[in-house]
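Participant: Quick one: structure below, then a few questions.
The values are calculated or read from the model by the stated rules, or taken from the named source; none is laboratory data. All figures in this text were calculated on a predicted structure; none of them were measured in a lab. Note that each Cβ is placed from the backbone with ideal geometry, even for glycine, and that neighbours are counted across all protein chains shown.
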Amino acid sequence: MVNFANPILLIAIPLSFAFLIAVLSPWWKKGVKYLPVVAFGLNLIVSLLLIKPVLKSGIVISTTAGIKPPFAINMAVDRLGLFLVIIASILGFLVSIYNLVYIKEEPAEKFHILFTLLVTGLTWMIVTGDLFNLFVAFEVMSISAFGLVGFHRDKGAVEAGFKYLVMGSVGASLLLIGVIMLYAATGTLNMADIATKIAGFTFKQKLLPFVFIFTGLGIEGALFPLNAWLPDAHPAAPSSVSAILSGIMTTAAIYAIIRVTVTIFNFYQIVIFLILFGLLTLIFGETAAFFQKDIKRMLAYSTIGQTGLFFYAFSLGSTRGMQGAFMQMINHSISKAMLFLLVGGIILATGSRKIDDFAGVGRKMKITAFFFAIASFSLMGLPPFFGFWSKLKIIFATLERTNLFTITFVIIVLFMSLIEGAYFFRVLQVMLFKEPKEGKEIKEAPAWMLIPVITLGVILLVISFYPNPIINFTHRAANDLIGRSYVNLVLHLGGL
(Lines give C-alpha, C1' and ligand atoms only; values in the text may rest on other atoms or scores of the structure.)
Protein backbone atom coordinates (compact mmCIF):
# COMPACT_ATOMS: atom_id res chain seq x y z
CA MET A 1 0.00 0.00 0.00
CA VAL A 2 1.31 3.43 -0.99
CA ASN A 3 2.03 5.77 1.90
CA PHE A 4 0.91 9.25 0.84
CA ALA A 5 2.10 10.86 4.09
CA ASN A 6 5.52 11.20 2.53
CA PRO A 7 7.40 14.55 2.45
CA ILE A 8 9.11 13.77 -0.85
CA LEU A 9 5.71 13.89 -2.58
CA LEU A 10 5.49 17.59 -1.68
CA ILE A 11 8.36 18.13 -4.13
CA ALA A 12 7.76 15.37 -6.67
CA ILE A 13 4.10 16.24 -7.36
CA PRO A 14 4.47 19.95 -8.28
CA LEU A 15 7.75 19.33 -10.14
CA SER A 16 5.97 16.76 -12.28
CA PHE A 17 3.11 19.16 -12.95
CA ALA A 18 5.50 21.99 -13.88
CA PHE A 19 7.02 19.65 -16.47
CA LEU A 20 3.52 18.63 -17.60
CA ILE A 21 2.52 22.27 -18.16
CA ALA A 22 5.55 22.76 -20.40
CA VAL A 23 4.78 19.60 -22.39
CA LEU A 24 1.04 20.17 -22.80
CA SER A 25 0.98 23.95 -23.36
CA PRO A 26 1.52 23.80 -27.17
CA TRP A 27 -1.61 21.62 -27.54
CA TRP A 28 -3.71 22.67 -24.55
CA LYS A 29 -2.80 26.30 -23.97
CA LYS A 30 -6.07 27.32 -22.34
CA GLY A 31 -6.25 24.29 -20.08
CA VAL A 32 -2.79 24.20 -18.48
CA LYS A 33 -3.80 26.93 -16.01
CA TYR A 34 -5.79 24.28 -14.14
CA LEU A 35 -2.75 22.06 -13.54
CA PRO A 36 -1.25 24.15 -10.67
CA VAL A 37 -4.64 23.91 -8.92
CA VAL A 38 -4.48 20.12 -9.16
CA ALA A 39 -0.80 20.00 -8.14
CA PHE A 40 -1.20 22.07 -5.00
CA GLY A 41 -4.54 20.47 -4.21
CA LEU A 42 -2.66 17.16 -4.06
CA ASN A 43 0.10 18.79 -2.01
CA LEU A 44 -2.50 20.06 0.43
CA ILE A 45 -3.86 16.52 0.85
CA VAL A 46 -0.33 15.19 1.47
CA SER A 47 0.45 17.93 4.01
CA LEU A 48 -2.80 17.23 5.89
CA LEU A 49 -2.01 13.50 5.91
CA LEU A 50 1.31 14.35 7.58
CA ILE A 51 -0.41 15.86 10.63
CA LYS A 52 -1.20 12.59 12.40
CA PRO A 53 2.24 10.93 12.07
CA VAL A 54 4.07 14.16 12.95
CA LEU A 55 1.95 14.63 16.07
CA LYS A 56 2.53 10.99 17.00
CA SER A 57 6.29 10.66 16.53
CA GLY A 58 7.46 14.27 16.22
CA ILE A 59 8.83 13.89 12.69
CA VAL A 60 8.25 12.13 9.36
CA ILE A 61 11.37 11.31 7.33
CA SER A 62 11.56 10.12 3.74
CA THR A 63 14.72 8.57 2.31
CA THR A 64 16.31 8.11 -1.10
CA ALA A 65 16.44 4.57 -2.55
CA GLY A 66 15.70 3.14 0.90
CA ILE A 67 19.04 4.38 2.26
CA LYS A 68 18.72 6.04 5.64
CA PRO A 69 20.33 9.37 6.54
CA PRO A 70 23.06 10.55 6.66
CA PHE A 71 24.14 8.36 3.74
CA ALA A 72 21.48 9.67 1.35
CA ILE A 73 19.41 12.78 0.83
CA ASN A 74 16.36 12.85 3.05
CA MET A 75 13.28 15.02 3.42
CA ALA A 76 11.94 15.60 6.91
CA VAL A 77 8.89 17.32 8.38
CA ASP A 78 8.81 17.98 12.11
CA ARG A 79 6.34 20.17 14.01
CA LEU A 80 8.11 23.39 12.99
CA GLY A 81 8.12 22.44 9.33
CA LEU A 82 4.60 21.03 9.41
CA PHE A 83 2.68 24.26 9.90
CA LEU A 84 4.79 26.00 7.24
CA VAL A 85 4.22 23.16 4.77
CA ILE A 86 0.48 23.35 5.39
CA ILE A 87 0.50 27.15 4.87
CA ALA A 88 2.55 26.80 1.67
CA SER A 89 0.14 24.17 0.33
CA ILE A 90 -2.95 26.21 1.24
CA LEU A 91 -1.57 29.37 -0.33
CA GLY A 92 -0.30 27.52 -3.41
CA PHE A 93 -3.72 25.93 -3.93
CA LEU A 94 -5.82 29.07 -3.30
CA VAL A 95 -3.59 31.44 -5.25
CA SER A 96 -3.64 28.98 -8.17
CA ILE A 97 -7.44 29.29 -8.15
CA TYR A 98 -7.09 33.08 -8.05
CA ASN A 99 -4.77 32.91 -11.08
CA LEU A 100 -7.44 31.18 -13.18
CA VAL A 101 -9.14 34.55 -13.63
CA TYR A 102 -6.39 36.99 -12.71
CA ILE A 103 -3.66 35.96 -15.16
CA LYS A 104 -4.64 36.95 -18.69
CA GLU A 105 -1.41 38.37 -20.04
CA GLU A 106 0.63 36.19 -22.36
CA PRO A 107 2.63 33.99 -22.14
CA ALA A 108 0.30 32.67 -19.44
CA GLU A 109 1.62 29.11 -19.64
CA LYS A 110 5.12 30.32 -18.71
CA PHE A 111 3.65 32.17 -15.74
CA HIS A 112 2.03 28.97 -14.48
CA ILE A 113 5.29 27.01 -14.86
CA LEU A 114 7.24 29.62 -12.90
CA PHE A 115 4.51 29.95 -10.28
CA THR A 116 4.47 26.18 -9.73
CA LEU A 117 8.26 26.11 -9.42
CA LEU A 118 8.21 29.06 -7.01
CA VAL A 119 5.92 27.32 -4.52
CA THR A 120 7.79 24.05 -5.07
CA GLY A 121 11.13 25.70 -4.28
CA LEU A 122 10.00 27.29 -1.04
CA THR A 123 8.31 24.04 0.07
CA TRP A 124 11.52 22.21 -0.77
CA MET A 125 13.48 24.60 1.47
CA ILE A 126 11.20 23.73 4.35
CA VAL A 127 11.34 19.93 4.05
CA THR A 128 14.90 19.22 2.92
CA GLY A 129 17.29 17.63 5.37
CA ASP A 130 20.32 18.21 3.15
CA LEU A 131 22.26 21.48 3.12
CA PHE A 132 23.17 21.38 -0.58
CA ASN A 133 19.55 20.54 -1.35
CA LEU A 134 18.67 23.69 0.58
CA PHE A 135 20.84 25.64 -1.85
CA VAL A 136 19.22 23.95 -4.87
CA ALA A 137 15.74 24.69 -3.50
CA PHE A 138 16.82 28.29 -2.84
CA GLU A 139 17.88 28.59 -6.49
CA VAL A 140 14.66 27.04 -7.85
CA MET A 141 12.62 29.45 -5.72
CA SER A 142 14.76 32.50 -6.52
CA ILE A 143 15.04 32.01 -10.28
CA SER A 144 11.28 31.45 -10.54
CA ALA A 145 10.67 34.60 -8.49
CA PHE A 146 13.02 36.65 -10.71
CA GLY A 147 10.95 35.73 -13.77
CA LEU A 148 7.62 36.33 -12.06
CA VAL A 149 8.63 39.77 -10.73
CA GLY A 150 9.49 40.85 -14.29
CA PHE A 151 6.48 39.09 -15.86
CA HIS A 152 4.71 42.27 -16.99
CA ARG A 153 7.86 43.27 -18.93
CA ASP A 154 7.35 47.01 -18.55
CA LYS A 155 10.16 49.32 -17.43
CA GLY A 156 9.37 49.04 -13.71
CA ALA A 157 9.03 45.26 -13.83
CA VAL A 158 12.30 44.76 -15.72
CA GLU A 159 14.16 47.08 -13.36
CA ALA A 160 12.73 45.38 -10.26
CA GLY A 161 13.41 41.93 -11.69
CA PHE A 162 17.02 42.86 -12.49
CA LYS A 163 17.61 44.31 -9.01
CA TYR A 164 16.17 41.18 -7.47
CA LEU A 165 18.28 39.01 -9.79
CA VAL A 166 21.48 40.74 -8.74
CA MET A 167 20.75 40.61 -5.01
CA GLY A 168 19.35 37.09 -5.19
CA SER A 169 22.44 35.88 -7.05
CA VAL A 170 24.68 37.40 -4.39
CA GLY A 171 22.59 35.68 -1.71
CA ALA A 172 22.80 32.33 -3.48
CA SER A 173 26.58 32.67 -3.88
CA LEU A 174 27.07 33.46 -0.20
CA LEU A 175 24.85 30.54 0.78
CA LEU A 176 26.84 28.18 -1.47
CA ILE A 177 30.17 29.36 -0.02
CA GLY A 178 28.89 28.63 3.47
CA VAL A 179 27.70 25.17 2.42
CA ILE A 180 31.08 24.40 0.80
CA MET A 181 32.92 25.48 3.95
CA LEU A 182 30.80 23.16 6.11
CA TYR A 183 31.23 20.26 3.68
CA ALA A 184 35.00 20.77 3.63
CA ALA A 185 35.07 20.74 7.43
CA THR A 186 32.71 17.79 8.04
CA GLY A 187 32.60 15.70 4.86
CA THR A 188 28.80 15.54 4.95
CA LEU A 189 25.83 17.57 3.76
CA ASN A 190 23.13 16.08 5.97
CA MET A 191 21.97 18.78 8.38
CA ALA A 192 21.65 16.48 11.38
CA ASP A 193 25.01 14.84 10.66
CA ILE A 194 26.72 18.24 10.30
CA ALA A 195 25.23 19.26 13.64
CA THR A 196 26.84 16.31 15.41
CA LYS A 197 30.20 16.71 13.69
CA ILE A 198 30.62 20.43 14.41
CA ALA A 199 29.55 20.05 18.03
CA GLY A 200 33.20 20.02 19.06
CA PHE A 201 34.18 23.00 16.91
CA THR A 202 35.08 26.26 18.57
CA PHE A 203 32.87 29.30 18.20
CA LYS A 204 35.38 30.91 15.82
CA GLN A 205 35.49 27.81 13.62
CA LYS A 206 31.71 27.89 13.22
CA LEU A 207 31.29 31.64 12.89
CA LEU A 208 32.50 32.23 9.31
CA PRO A 209 30.32 29.61 7.55
CA PHE A 210 27.40 30.76 9.68
CA VAL A 211 27.87 34.37 8.58
CA PHE A 212 27.92 33.36 4.89
CA ILE A 213 24.78 31.22 5.21
CA PHE A 214 22.97 33.74 7.39
CA THR A 215 23.69 36.61 4.99
CA GLY A 216 22.67 34.61 1.92
CA LEU A 217 19.37 33.56 3.45
CA GLY A 218 18.90 37.00 5.03
CA ILE A 219 18.68 38.59 1.59
CA GLU A 220 15.76 36.36 0.65
CA GLY A 221 14.28 36.78 4.13
CA ALA A 222 14.28 40.59 3.69
CA LEU A 223 16.25 41.32 6.86
CA PHE A 224 17.59 44.87 7.19
CA PRO A 225 19.84 46.05 5.52
CA LEU A 226 19.60 43.20 2.97
CA ASN A 227 16.04 43.94 1.80
CA ALA A 228 16.49 46.57 -0.95
CA TRP A 229 14.97 44.26 -3.58
CA LEU A 230 11.60 43.74 -1.91
CA PRO A 231 9.92 47.21 -2.06
CA ASP A 232 10.43 47.31 -5.84
CA ALA A 233 9.59 43.66 -6.46
CA HIS A 234 6.08 43.75 -5.00
CA PRO A 235 4.69 46.68 -7.01
CA ALA A 236 6.16 45.20 -10.21
CA ALA A 237 4.96 41.62 -9.69
CA PRO A 238 1.39 40.43 -10.30
CA SER A 239 -0.58 40.60 -7.05
CA SER A 240 -0.93 36.82 -6.88
CA VAL A 241 2.86 36.53 -7.00
CA SER A 242 3.18 39.17 -4.28
CA ALA A 243 0.84 37.08 -2.13
CA ILE A 244 3.31 34.18 -2.32
CA LEU A 245 6.47 36.31 -2.04
CA SER A 246 5.15 38.05 1.05
CA GLY A 247 2.90 35.37 2.48
CA ILE A 248 5.30 32.44 2.56
CA MET A 249 8.55 32.93 0.58
CA THR A 250 10.22 35.36 3.00
CA THR A 251 8.85 33.25 5.86
CA ALA A 252 10.46 30.12 4.36
CA ALA A 253 13.81 31.94 4.20
CA ILE A 254 13.50 32.97 7.86
CA TYR A 255 12.59 29.36 8.70
CA ALA A 256 15.82 28.25 7.00
CA ILE A 257 17.79 30.77 9.09
CA ILE A 258 16.15 29.45 12.26
CA ARG A 259 16.85 25.84 11.28
CA VAL A 260 20.49 26.56 10.48
CA THR A 261 21.09 28.75 13.54
CA VAL A 262 19.67 26.40 16.15
CA THR A 263 19.64 22.92 14.62
CA ILE A 264 22.97 22.93 12.78
CA PHE A 265 25.17 25.45 14.57
CA ASN A 266 23.57 25.15 18.02
CA PHE A 267 23.79 28.91 18.37
CA TYR A 268 20.72 28.85 20.59
CA GLN A 269 22.71 30.54 23.33
CA ILE A 270 23.71 33.48 21.13
CA VAL A 271 20.53 34.08 19.15
CA ILE A 272 19.92 37.06 21.41
CA PHE A 273 22.68 38.86 19.51
CA LEU A 274 20.41 38.71 16.45
CA ILE A 275 17.86 40.94 18.19
CA LEU A 276 19.38 43.99 16.51
CA PHE A 277 18.57 42.60 13.04
CA GLY A 278 14.97 41.99 14.06
CA LEU A 279 14.40 45.40 15.63
CA LEU A 280 16.07 47.35 12.83
CA THR A 281 14.05 45.42 10.25
CA LEU A 282 10.86 46.07 12.22
CA ILE A 283 11.53 49.80 12.61
CA PHE A 284 12.63 50.30 9.00
CA GLY A 285 9.72 48.37 7.51
CA GLU A 286 6.91 49.91 9.53
CA THR A 287 8.26 53.47 9.32
CA ALA A 288 8.75 53.25 5.55
CA ALA A 289 5.27 51.73 5.09
CA PHE A 290 3.71 54.71 6.87
CA PHE A 291 4.95 57.15 4.20
CA GLN A 292 3.88 55.16 1.13
CA LYS A 293 1.18 56.31 -1.28
CA ASP A 294 1.37 53.20 -3.46
CA ILE A 295 -0.66 50.39 -1.84
CA LYS A 296 1.65 47.59 -2.97
CA ARG A 297 4.78 49.40 -1.79
CA MET A 298 3.03 49.98 1.52
CA LEU A 299 2.28 46.28 1.87
CA ALA A 300 5.83 45.42 0.78
CA TYR A 301 7.36 47.55 3.51
CA SER A 302 4.79 46.14 5.93
CA THR A 303 6.13 42.67 5.08
CA ILE A 304 9.62 43.83 6.00
CA GLY A 305 8.27 45.10 9.32
CA GLN A 306 6.43 41.86 10.04
CA THR A 307 9.53 39.83 9.16
CA GLY A 308 11.47 41.94 11.64
CA LEU A 309 8.88 41.29 14.33
CA PHE A 310 8.91 37.51 14.16
CA PHE A 311 12.69 37.41 13.70
CA TYR A 312 13.02 39.59 16.81
CA ALA A 313 10.75 37.20 18.72
CA PHE A 314 12.90 34.23 17.64
CA SER A 315 16.03 36.12 18.73
CA LEU A 316 14.76 36.35 22.29
CA GLY A 317 15.98 32.75 22.55
CA SER A 318 13.22 31.52 24.86
CA THR A 319 10.46 28.98 24.34
CA ARG A 320 7.84 31.70 24.63
CA GLY A 321 9.72 33.97 22.23
CA MET A 322 10.04 31.29 19.59
CA GLN A 323 6.41 30.33 20.08
CA GLY A 324 5.43 33.97 19.52
CA ALA A 325 7.59 34.02 16.38
CA PHE A 326 5.87 30.93 14.97
CA MET A 327 2.42 32.32 15.80
CA GLN A 328 3.28 35.61 14.12
CA MET A 329 4.53 33.73 11.05
CA ILE A 330 1.11 32.09 10.74
CA ASN A 331 -0.71 35.38 11.25
CA HIS A 332 1.44 37.22 8.75
CA SER A 333 1.31 34.50 6.07
CA ILE A 334 -2.48 34.32 6.04
CA SER A 335 -3.23 38.02 6.54
CA LYS A 336 -0.67 39.40 4.10
CA ALA A 337 -1.58 36.90 1.39
CA MET A 338 -5.21 38.00 1.81
CA LEU A 339 -4.28 41.67 1.50
CA PHE A 340 -2.27 41.23 -1.69
CA LEU A 341 -5.03 39.16 -3.30
CA LEU A 342 -7.62 41.77 -2.31
CA VAL A 343 -5.45 44.59 -3.62
CA GLY A 344 -5.20 42.74 -6.94
CA GLY A 345 -8.97 43.02 -7.29
CA ILE A 346 -8.99 46.69 -6.25
CA ILE A 347 -6.28 47.55 -8.78
CA LEU A 348 -8.24 45.79 -11.53
CA ALA A 349 -11.34 47.79 -10.56
CA THR A 350 -9.67 51.21 -10.24
CA GLY A 351 -6.76 50.88 -12.65
CA SER A 352 -4.45 52.41 -10.03
CA ARG A 353 -2.14 51.44 -7.17
CA LYS A 354 -2.39 54.85 -5.49
CA ILE A 355 -4.20 54.79 -2.16
CA ASP A 356 -5.94 58.12 -2.87
CA ASP A 357 -7.56 56.57 -5.96
CA PHE A 358 -9.31 54.00 -3.75
CA ALA A 359 -11.78 56.64 -2.52
CA GLY A 360 -15.17 55.05 -1.86
CA VAL A 361 -14.09 51.65 -3.21
CA GLY A 362 -15.28 49.95 -0.03
CA ARG A 363 -18.86 51.07 -0.69
CA LYS A 364 -18.89 49.30 -4.06
CA MET A 365 -16.65 46.35 -3.19
CA LYS A 366 -18.15 45.45 0.17
CA ILE A 367 -16.80 41.90 0.36
CA THR A 368 -13.33 43.14 -0.51
CA ALA A 369 -13.51 45.91 2.10
CA PHE A 370 -14.76 43.52 4.80
CA PHE A 371 -11.93 41.03 4.37
CA PHE A 372 -9.37 43.82 3.92
CA ALA A 373 -10.42 45.08 7.35
CA ILE A 374 -10.18 41.61 8.94
CA ALA A 375 -6.68 40.99 7.58
CA SER A 376 -5.54 44.49 8.56
CA PHE A 377 -6.92 44.19 12.10
CA SER A 378 -5.13 40.89 12.60
CA LEU A 379 -1.82 42.30 11.39
CA MET A 380 -2.25 45.30 13.72
CA GLY A 381 -2.84 42.93 16.62
CA LEU A 382 -6.33 44.11 17.54
CA PRO A 383 -8.38 41.77 19.76
CA PRO A 384 -9.89 39.27 19.23
CA PHE A 385 -7.97 38.53 16.04
CA PHE A 386 -5.10 36.02 15.94
CA GLY A 387 -2.49 38.78 15.61
CA PHE A 388 -3.47 39.96 19.08
CA TRP A 389 -2.57 36.59 20.59
CA SER A 390 0.74 36.37 18.70
CA LYS A 391 1.83 39.91 19.61
CA LEU A 392 0.76 39.38 23.21
CA LYS A 393 2.92 36.26 23.33
CA ILE A 394 5.89 38.24 21.95
CA ILE A 395 5.44 41.00 24.55
CA PHE A 396 5.22 38.46 27.40
CA ALA A 397 8.35 36.75 26.04
CA THR A 398 10.17 40.08 26.07
CA LEU A 399 9.16 40.80 29.65
CA GLU A 400 10.44 37.44 30.95
CA ARG A 401 13.65 39.29 31.80
CA THR A 402 12.61 42.70 33.10
CA ASN A 403 15.34 45.32 32.67
CA LEU A 404 15.93 48.59 30.85
CA PHE A 405 16.59 46.82 27.55
CA THR A 406 13.45 44.69 27.62
CA ILE A 407 11.26 47.67 28.54
CA THR A 408 12.77 49.53 25.57
CA PHE A 409 12.09 46.56 23.30
CA VAL A 410 8.44 46.43 24.40
CA ILE A 411 8.04 50.15 23.74
CA ILE A 412 9.52 49.72 20.24
CA VAL A 413 7.19 46.79 19.43
CA LEU A 414 4.12 48.66 20.69
CA PHE A 415 5.05 51.90 18.94
CA MET A 416 5.63 50.11 15.64
CA SER A 417 2.21 48.46 16.07
CA LEU A 418 0.70 51.95 16.43
CA ILE A 419 2.40 53.07 13.22
CA GLU A 420 1.14 49.91 11.52
CA GLY A 421 -2.38 50.68 12.71
CA ALA A 422 -2.10 54.27 11.47
CA TYR A 423 -1.34 53.37 7.86
CA PHE A 424 -3.89 50.55 7.69
CA PHE A 425 -6.63 52.74 9.17
CA ARG A 426 -5.69 55.43 6.65
CA VAL A 427 -6.35 53.02 3.78
CA LEU A 428 -9.63 51.88 5.32
CA GLN A 429 -10.68 55.49 5.85
CA VAL A 430 -10.07 56.26 2.17
CA MET A 431 -11.91 53.13 1.04
CA LEU A 432 -14.94 53.56 3.28
CA PHE A 433 -15.44 57.22 4.10
CA LYS A 434 -14.12 59.27 1.19
CA GLU A 435 -16.43 60.15 -1.66
CA PRO A 436 -15.84 57.97 -4.73
CA LYS A 437 -14.42 59.61 -7.83
CA GLU A 438 -16.77 60.06 -10.75
CA GLY A 439 -16.33 58.62 -14.19
CA LYS A 440 -15.38 55.01 -13.48
CA GLU A 441 -17.74 52.21 -12.54
CA ILE A 442 -16.41 50.10 -9.69
CA LYS A 443 -17.45 46.46 -9.48
CA GLU A 444 -16.69 43.70 -7.01
CA ALA A 445 -13.89 41.33 -8.00
CA PRO A 446 -14.89 38.15 -9.90
CA ALA A 447 -16.08 35.21 -7.80
CA TRP A 448 -13.03 33.06 -8.59
CA MET A 449 -10.82 35.82 -7.19
CA LEU A 450 -12.95 36.17 -4.06
CA ILE A 451 -13.22 32.47 -3.19
CA PRO A 452 -9.51 32.17 -2.16
CA VAL A 453 -9.74 35.36 -0.09
CA ILE A 454 -12.94 34.28 1.66
CA THR A 455 -11.37 30.89 2.41
CA LEU A 456 -8.30 32.52 3.96
CA GLY A 457 -10.58 34.90 5.86
CA VAL A 458 -12.56 32.02 7.33
CA ILE A 459 -9.32 30.27 8.37
CA LEU A 460 -8.13 33.49 10.02
CA LEU A 461 -11.41 33.93 11.89
CA VAL A 462 -11.43 30.32 13.08
CA ILE A 463 -7.90 30.47 14.51
CA SER A 464 -8.70 33.91 15.99
CA PHE A 465 -11.68 32.69 18.01
CA TYR A 466 -10.23 29.22 18.68
CA PRO A 467 -6.49 29.90 19.04
CA ASN A 468 -5.67 27.21 21.62
CA PRO A 469 -4.81 24.39 19.17
CA ILE A 470 -2.34 26.69 17.37
CA ILE A 471 -0.97 28.02 20.66
CA ASN A 472 -0.38 24.50 21.98
CA PHE A 473 1.11 23.24 18.72
CA THR A 474 3.55 26.16 18.36
CA HIS A 475 4.59 25.70 22.00
CA ARG A 476 5.56 22.10 21.25
CA ALA A 477 7.33 23.18 18.05
CA ALA A 478 9.34 25.74 20.05
CA ASN A 479 10.30 23.11 22.62
CA ASP A 480 11.38 20.74 19.84
CA LEU A 481 13.56 23.45 18.29
CA ILE A 482 15.27 24.46 21.51
CA GLY A 483 15.73 20.80 22.49
CA ARG A 484 17.20 20.12 19.02
CA SER A 485 15.16 16.93 18.81
CA TYR A 486 15.41 17.13 15.00
CA VAL A 487 19.05 15.96 15.08
CA ASN A 488 18.43 12.83 17.14
CA LEU A 489 15.22 11.92 15.34
CA VAL A 490 16.73 12.16 11.85
CA LEU A 491 19.84 10.14 12.71
CA HIS A 492 18.21 7.50 14.90
CA LEU A 493 14.64 7.18 13.65
CA GLY A 494 15.64 6.54 10.04
CA GLY A 495 12.94 7.09 7.44
CA LEU A 496 10.06 5.79 5.38
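Participant: With the condition being surrounded by fewer than 21 Cβ atoms within 10 Å (Cβ to Cβ), in contact with a helix residue (DSSP H, G or I) (Cβ under 6 Å, 6 or more places away or on another chain) and touching a residue at least 40 places away in the same chain (Cβ under 8 Å), I'd like the helices (runs of 4 or more DSSP H) fully within the stretch 243-323 carrying at least 1 qualifying residues. Write out each step before concluding.
Facilitator: On the way: elements: 250-258, 275-290, 295-315.
Once the helices (runs of 4 or more DSSP H) in the stretch 243-323 are filtered for at least 1 residues that are surrounded by fewer than 21 Cβ atoms within 10 Å (Cβ to Cβ), in contact with a helix residue (DSSP H, G or I) (Cβ under 6 Å, 6 or more places away or on another chain) and touching a residue at least 40 places away in the same chain (Cβ under 8 Å), what remains is 275-290, 295-315.
Participant: Identify, from the list Ala375, Ala422, Ala369, Ala397, the residue that is surrounded by fewer than 18 Cβ atoms within 10 Å (Cβ to Cβ), touching a residue at least 24 places away in the same chain (Cβ under 8 Å), of a type in the set (Gly, Ala, Ser) and assigned to a helix (DSSP H, G or I).
Facilitator: On the way: Ala375 fails: surrounded by fewer than 18 Cβ atoms within 10 Å (Cβ to Cβ); Ala369 fails: surrounded by fewer than 18 Cβ atoms within 10 Å (Cβ to Cβ); Ala397 fails: surrounded by fewer than 18 Cβ atoms within 10 Å (Cβ to Cβ).
Result of the check over Ala375, Ala422, Ala369, Ala397: Ala422.
Participant: Moving on to the next point. Could you say whether any residue in the stretch 32-42 is charged (D, E, K, R), out of contact with any Ser or Thr (no Cβ under 7 Å at 6 or more places or on another chain), buried (at least 17 other Cβ atoms within 10 Å of the Cβ) and assigned to a helix (DSSP H, G or I)? Spell out the reasoning first.
Facilitator: Going through the stretch 32-42, the residues charged (D, E, K, R) turn out to be 33.
Among the residues that remain, those that are also out of contact with any Ser or Thr (no Cβ under 7 Å at 6 or more places or on another chain) are: 33.
Right, trim to buried (at least 17 other Cβ atoms within 10 Å of the Cβ) and you get 33.
Going one step further and asking which of them are assigned to a helix (DSSP H, G or I), we end up with 33.
Yes, because at least one residue in the stretch 32-42 is charged (D, E, K, R), out of contact with any Ser or Thr (no Cβ under 7 Å at 6 or more places or on another chain), buried (at least 17 other Cβ atoms within 10 Å of the Cβ) and assigned to a helix (DSSP H, G or I).
Participant: Would you tally the residues in the stretch 444-496 being free of Cβ contacts under 8 Å to residues at least 24 places away in the same chain and crowded, with 19+ Cβ neighbours inside 10 Å?
Facilitator: Going through the stretch 444-496 one residue at a time, the tally reaches 0.
Participant: Just checking, does the stretch 166-180 include any residue being assigned to a loop (DSSP other than H, G, I, E, B) and either closer than 28 Å to Pro452 by Cβ or among the polar types (S, T, N, Q) (or both)?
Facilitator: Residues of the stretch 166-180 that are assigned to a loop (DSSP other than H, G, I, E, B), as a first pass: none.
Among the residues of the stretch 166-180, not one is assigned to a loop (DSSP other than H, G, I, E, B) and either closer than 28 Å to Pro452 by Cβ or among the polar types (S, T, N, Q) (or both), which makes the answer no.
Participant: Moving to a separate point now. Return the residue satisfying two criteria in turn: it lies in the stretch 331-365 and is among the aliphatic types (A, V, I, L, M) and assigned to a loop (DSSP other than H, G, I, E, B), and of such residues it is surrounded by the most Cβ atoms within 10 Å (Cβ to Cβ). Walk me through how you get there before you give the answer.
Facilitator: Of the stretch 331-365, the ones among the aliphatic types (A, V, I, L, M) are 334, 337-339, 341-343, 346-349, 355, 359, 361, 365.
Those still in the list that are assigned to a loop (DSSP other than H, G, I, E, B) too: 359, 365.
Working: Ala359: 18, Met365: 23.
Going through the qualifying residues, I end up with Met365.
Participant: Hey, Val23 hits all of (1) at pLDDT 90 or above; (2) β-branched (Val, Ile, Thr); (3) over 21 Å from Leu80 (Cα atoms) but one; which does it fall short on?
Facilitator: (1)
Participant: Hey, another quick one. Taking the stated definitions as given, is Leu230 in contact (Cβ under 8 Å) with a residue 24 or more places away in the chain, within 20 Å of the chain's Cα centre (by Cα) and crowded, with 23+ Cβ neighbours inside 10 Å?
Facilitator: Numbers: in contact (Cβ under 8 Å) with a residue 24 or more places away in the chain: yes; within 20 Å of the chain's Cα centre (by Cα): yes; crowded, with 23+ Cβ neighbours inside 10 Å: yes.
It is true that Leu230 is in contact (Cβ under 8 Å) with a residue 24 or more places away in the chain, within 20 Å of the chain's Cα centre (by Cα) and crowded, with 23+ Cβ neighbours inside 10 Å.
Participant: Name the one entry in Gly92, Gly156 that is in a helix (DSSP H, G or I) and over 15 Å from the mean Cα position of the chain (by Cα).
Facilitator: Gly156
Participant: Only one of (1) among the polar types (S, T, N, Q); (2) more than 26 Å from Gln328 (Cα to Cα); (3) surrounded by 19 or more Cβ atoms within 10 Å (Cβ to Cβ) is not met by Ser240, so which one is it?
Facilitator: Against the list (1) among the polar types (S, T, N, Q); (2) more than 26 Å from Gln328 (Cα to Cα); (3) surrounded by 19 or more Cβ atoms within 10 Å (Cβ to Cβ), Ser240 comes up short only on (2).
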